[in-house]
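Below is one structure, written out as C-alpha coordinates, with a few remarks after it.
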Amino acid sequence: NNLTLCHMKEKEHTKAVAVCSEIIGRQEGAVKAWFRRGTCQLQLGGPDLTQMWGALSNNLTLCHMKEKEHTKAVAVCSEIIGRQEGAVKAWFRRGTCQLQLGGPDLTQMW
(Lines give C-alpha, C1' and ligand atoms only; values in the text may rest on other atoms or scores of the structure.)
Protein backbone atom coordinates (compact mmCIF):
# COMPACT_ATOMS: atom_id res chain seq x y z
CA ASN A 1 0.00 0.00 0.00
CA ASN A 2 2.96 2.35 0.45
CA LEU A 3 3.78 1.86 -3.22
CA THR A 4 0.21 2.83 -4.05
CA LEU A 5 0.56 6.02 -2.04
CA CYS A 6 3.79 6.87 -3.85
CA HIS A 7 2.08 6.44 -7.21
CA MET A 8 -0.85 8.54 -6.04
CA LYS A 9 1.41 11.35 -4.85
CA GLU A 10 3.19 11.32 -8.21
CA LYS A 11 -0.21 11.38 -9.96
CA GLU A 12 0.56 8.01 -11.54
CA HIS A 13 -3.01 6.81 -11.10
CA THR A 14 -2.86 3.98 -13.66
CA LYS A 15 0.10 2.43 -11.80
CA ALA A 16 -1.67 2.89 -8.47
CA VAL A 17 -4.79 1.13 -9.81
CA ALA A 18 -2.62 -1.78 -10.99
CA VAL A 19 -0.91 -2.13 -7.60
CA CYS A 20 -4.24 -1.97 -5.75
CA SER A 21 -5.77 -4.57 -8.07
CA GLU A 22 -2.85 -6.89 -7.34
CA ILE A 23 -3.30 -6.40 -3.58
CA ILE A 24 -7.05 -7.01 -3.83
CA GLY A 25 -6.39 -10.16 -5.89
CA ARG A 26 -4.25 -11.54 -3.06
CA GLN A 27 -6.36 -10.26 -0.19
CA GLU A 28 -9.98 -9.44 -1.03
CA GLY A 29 -10.55 -7.80 2.36
CA ALA A 30 -7.83 -5.18 1.77
CA VAL A 31 -10.16 -2.24 2.38
CA LYS A 32 -7.53 0.47 1.93
CA ALA A 33 -6.60 -0.96 -1.47
CA TRP A 34 -10.25 -0.90 -2.54
CA PHE A 35 -10.56 2.72 -1.39
CA ARG A 36 -7.33 3.86 -3.06
CA ARG A 37 -8.15 2.03 -6.30
CA GLY A 38 -11.56 3.73 -6.41
CA THR A 39 -9.99 7.11 -5.72
CA CYS A 40 -7.48 6.66 -8.56
CA GLN A 41 -10.14 5.42 -10.94
CA LEU A 42 -12.03 8.64 -10.30
CA GLN A 43 -8.90 10.63 -11.17
CA LEU A 44 -8.73 8.68 -14.43
CA GLY A 45 -12.25 9.76 -15.41
CA GLY A 46 -14.20 6.99 -13.72
CA PRO A 47 -17.77 7.31 -12.48
CA ASP A 48 -19.12 10.57 -11.13
CA LEU A 49 -17.64 11.30 -7.71
CA THR A 50 -21.02 12.18 -6.23
CA GLN A 51 -22.24 8.63 -6.88
CA MET A 52 -19.22 6.96 -5.30
CA TRP A 53 -18.32 9.44 -2.56
CA GLY A 54 -20.54 7.91 0.12
CA ALA A 55 -19.38 4.36 -0.57
CA LEU A 56 -15.71 5.33 -0.65
CA SER A 57 -16.02 7.35 2.54
CA ASN A 58 -17.78 4.48 4.29
CA ASN A 59 -14.92 2.21 3.22
CA LEU A 60 -12.43 4.70 4.62
CA THR A 61 -14.36 4.67 7.90
CA LEU A 62 -14.10 0.89 8.01
CA CYS A 63 -10.34 1.15 7.41
CA HIS A 64 -10.01 3.51 10.36
CA MET A 65 -12.12 1.22 12.53
CA LYS A 66 -9.99 -1.83 11.70
CA GLU A 67 -6.87 0.19 12.51
CA LYS A 68 -8.46 1.24 15.85
CA GLU A 69 -8.33 4.88 14.70
CA HIS A 70 -11.76 5.66 16.11
CA THR A 71 -11.33 9.44 16.24
CA LYS A 72 -10.58 9.53 12.50
CA ALA A 73 -13.54 7.23 11.80
CA VAL A 74 -15.88 9.53 13.75
CA ALA A 75 -14.66 12.51 11.72
CA VAL A 76 -15.28 10.76 8.38
CA CYS A 77 -18.70 9.56 9.52
CA SER A 78 -19.63 13.07 10.62
CA GLU A 79 -18.67 14.38 7.18
CA ILE A 80 -20.80 11.70 5.50
CA ILE A 81 -23.77 12.47 7.75
CA GLY A 82 -23.34 16.19 7.04
CA ARG A 83 -23.74 15.53 3.32
CA GLN A 84 -26.13 12.57 3.42
CA GLU A 85 -28.28 12.66 6.56
CA GLY A 86 -29.87 9.30 5.76
CA ALA A 87 -26.52 7.45 5.64
CA VAL A 88 -27.38 4.63 8.04
CA LYS A 89 -23.93 2.98 7.94
CA ALA A 90 -22.27 6.25 8.86
CA TRP A 91 -24.61 6.80 11.82
CA PHE A 92 -24.03 3.23 13.02
CA ARG A 93 -20.26 3.34 12.61
CA ARG A 94 -19.97 6.75 14.24
CA GLY A 95 -21.93 5.52 17.25
CA THR A 96 -19.83 2.37 17.46
CA CYS A 97 -16.61 4.39 17.41
CA GLN A 98 -17.90 6.90 19.92
CA LEU A 99 -18.55 4.01 22.31
CA GLN A 100 -14.98 2.79 21.74
CA LEU A 101 -13.79 6.27 22.65
CA GLY A 102 -15.73 6.20 25.91
CA GLY A 103 -18.83 7.94 24.61
CA PRO A 104 -22.22 7.90 26.29
CA ASP A 105 -23.62 4.63 27.62
CA LEU A 106 -26.41 3.86 25.16
CA THR A 107 -28.15 1.58 27.64
CA GLN A 108 -29.20 4.73 29.49
CA MET A 109 -31.10 5.86 26.39
CA TRP A 110 -33.47 2.87 26.40
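The values are calculated or read from the model by the stated rules, or taken from the named source; none is laboratory data. This one's a predicted model, so the numbers in the text were calculated from it and none came from an experiment. Cβ: placed from backbone, ideal geometry, glycine included. Neighbour counts: every protein chain shown. In case anyone asks, the SASA skips ligands and DNA or RNA and just uses the protein heavy atoms, side chains included. Shrake-Rupley method; radii C 1.70, N 1.55, O 1.52, S 1.80 Å.
Miscellaneous remarks
- Tabulated pairs, region 27-42, first open to solvent by 20 Å² or more (accessible area, probe 1.4 Å), second not in a helix (DSSP H, G or I), C-beta under 6 angstrom, 6+ apart or interchain: Lys32/Asn1
Let's see how each residue does on (1) over 20 Å from Lys66 (Cβ atoms); (2) at pLDDT below 80; (3) over 16 Å from the mean Cα position of the chain (by Cα):
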position	(1), (2), (3)
His7	yes, yes, yes
Glu12	yes, no, yes
Ala18	yes, no, yes
Ser21	yes, no, yes
Arg26	no, no, yes
Lys32	no, no, no
Arg37	no, no, no
Gln41	yes, no, no
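- Restricting region 68-91 to residues that are of a type in the set (Asp, Glu) and open to solvent by less than 100 Å² (accessible area, probe 1.4 Å), the residue that is nearest to Val31 (Cα to Cα) is Glu69.
- Pairs linking a residue in region 6-20 that is over 14 Å from Gly38 (Cα atoms) to a residue that is assigned to a loop (DSSP other than H, G, I, E, B), with Cβ atoms under 9 Å and 6 or more positions apart or on different chains, are Cys6/Glu12.
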